[in-house]
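Asks: Pasting a structure below so you can have a look.
The values are calculated or read from the model by the stated rules, or taken from the named source; none is laboratory data. All figures in this text were calculated on a predicted structure; none of them were measured in a lab. Just the protein is used for accessible areas: all its heavy atoms, side chains included, with ligands, DNA and RNA removed. Shrake-Rupley method; radii C 1.70, N 1.55, O 1.52, S 1.80 Å.
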Amino acid sequence: MRTKTIAGNWKMFKNLQQSEELILGLTKALDFSLGSVKVIICPPFTSLGLAGTLVKGSPIALGAQNMHAEDEGAFTGEISPTMLKSVGCEYVILGHSERRQYFQETNESINKKAKKAIASGLIPIICVGETLEEREKNITDLIVSTQVRGCLKEIGAADVEKTIIAYEPIWAIGTGKTATPQQAEEVHLLIRKLVGQLYSWASAEKVVIQYGGSVKPENAKELLSQPNIDGALVGGACLKADSFATIVKSATLS
Ligand code: PEP
């Protein structure tokens, strides 16, 4: 039985005061039984320290949006996994399409970070997904499989079972266009089967695969009801406490 996992990627939004307001709003809005649903928020680096204090003792877990693959060193502007751990992070988003697009991240560099995250006791949320052009060329399967293989390289079965994979079709991120539940389910099943081939079916059944791409309160329930969609990575809709809480609620009902 996989844990339904809803993560909010705040991207480069919310200063310190706005972060405090959102977290306090969220702790209030999550006033229903979460059952076994896991809730994660990923604020920007500048808010992680405060967020770590605010979510302590609450059902909300903390994640970061990126990290460097070394513990320390002369890497101006970078943040290490040990720094993330020290402020209470348990998760880290790796290889988001915006990082692949604007910061030249590759399957290889994401894999390096994923291995380091795991070694540091962080759970990576590894993002994969095709562009619109790739979907139209009918190479979604090839693109996503190559990303999954590359990002999971040399990660052992026990660790892969704890890793989260987020399928985020790039054409659906921040565009208001959502993959239909059937389109998303198809790719999720492909990812699970690939993990099964690379490891074992027992491992594949344990891997949480989130869907991301314009998830909103209106479409969350149907997406989350698909057999291989184990949660959501939410961008825009996580910036308001009520809409994020409604998505979390959908997860408790699906
Ligand atoms: C994201 O940034 O991971 C994302 C899915 O964004 P949005 O929900 O806004 O499409």
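Asks: Find the relative contact order for the stretch 5-253 and round it to a whole percent, using C-alpha pairs within less than 8 Å whose residues are 6+ positions apart.
Replies: Computed value for the stretch 5-253: 21 percent relative contact order.
Asks: Shifting gears a bit: With all protein chains present and a 1.4 Å probe, how do Trp10, Trp171, Trp201 order by accessible area, largest first?
Replies: The ordering from most to least exposed comes out as Trp201, Trp171, Trp10.
Asks: Taking 8 Å as the Cα distance limit and 6 or more residues as the minimum spacing, I'd like the relative contact order of the stretch 79-205 as a percentage.
Replies: 24 percent
Asks: Would you give the gap between the C-alpha center of the stretch 231-252 and the C-alpha center of the stretch 1-28, rounded to a whole Å?
Replies: Going from one Cα centre to the other spans 9 Å.
Asks: Given q = 0.10, 0.14, 0.16, 0.23 Å⁻¹, what are the Debye log10 I(q)/I(0) values for the stretch 109-203, with equal point scatterers placed on the Cα positions and solvent ignored?
Replies: The Cα Debye sum returns log10 ratios of -0.27, -0.52, -0.67, -1.21.
Asks: Sort out for me the Cα centre separation of the stretch 200-224 from the stretch 114-140, rounded to whole Å.
Replies: After rounding, the separation between the Cα centres reads 14 Å.
Asks: While we're looking at this one, here's another question. Rank these residues by their accessible area, most exposed first, probe 1.4 Å: Tyr199, Tyr211.
Replies: Tyr199, Tyr211
Asks: From the helices alone, meaning DSSP H stretches of at least four residues, give me the mean residue ellipticity at 222 nm for the chain, per-run term -39500 (n - 2.57), in deg cm²/dmol to the nearest 500.
Replies: -13000 deg cm²/dmol
Asks: How large is the Kirkwood hydrodynamic radius of the stretch 5-253, in angstrom, based on all distinct alpha carbon pairs?
Replies: Hydrodynamic radius (Kirkwood, Cα only) of the stretch 5-253 equals 17.9 Å.
Asks: Would you pull out the residues with amide H under 5 Å of Lys38's amide H, same chain only if 5 or more places away, H placed 1.01 Å from N?
Replies: Lys4, Thr5, Ile6
Asks: Percent of accessible area on the chain owned by carbon and sulfur, 1.4 Å probe?
Replies: 54 percent
Asks: Okay, next question. In the structure displayed, which of Lys38/Lys249; Lys177/Lys216; Lys112/Lys137; Lys113/Lys162 lie more than 19 Å apart, Cα to Cα?
Replies: Lys112/Lys137
Asks: In addition: Hey, if we sort Phe32, Phe244 by accessible area with the 1.4 Å probe, largest down, what's the order?
Replies: The most accessible residue leads, giving Phe32, Phe244.
Asks: Something else about it: Can you give the accessible area of Met83, probe radius 1.4 Å, in Å² rounded to 10?
Replies: Spelled out: Met83, probe radius 1.4 Å, area about 90 Å².
Asks: Suppose all protein chains stay in the model; what accessible area per residue would a 1.4 Å probe give for the stretch 5-253, in Å²?
Replies: 45 Å²
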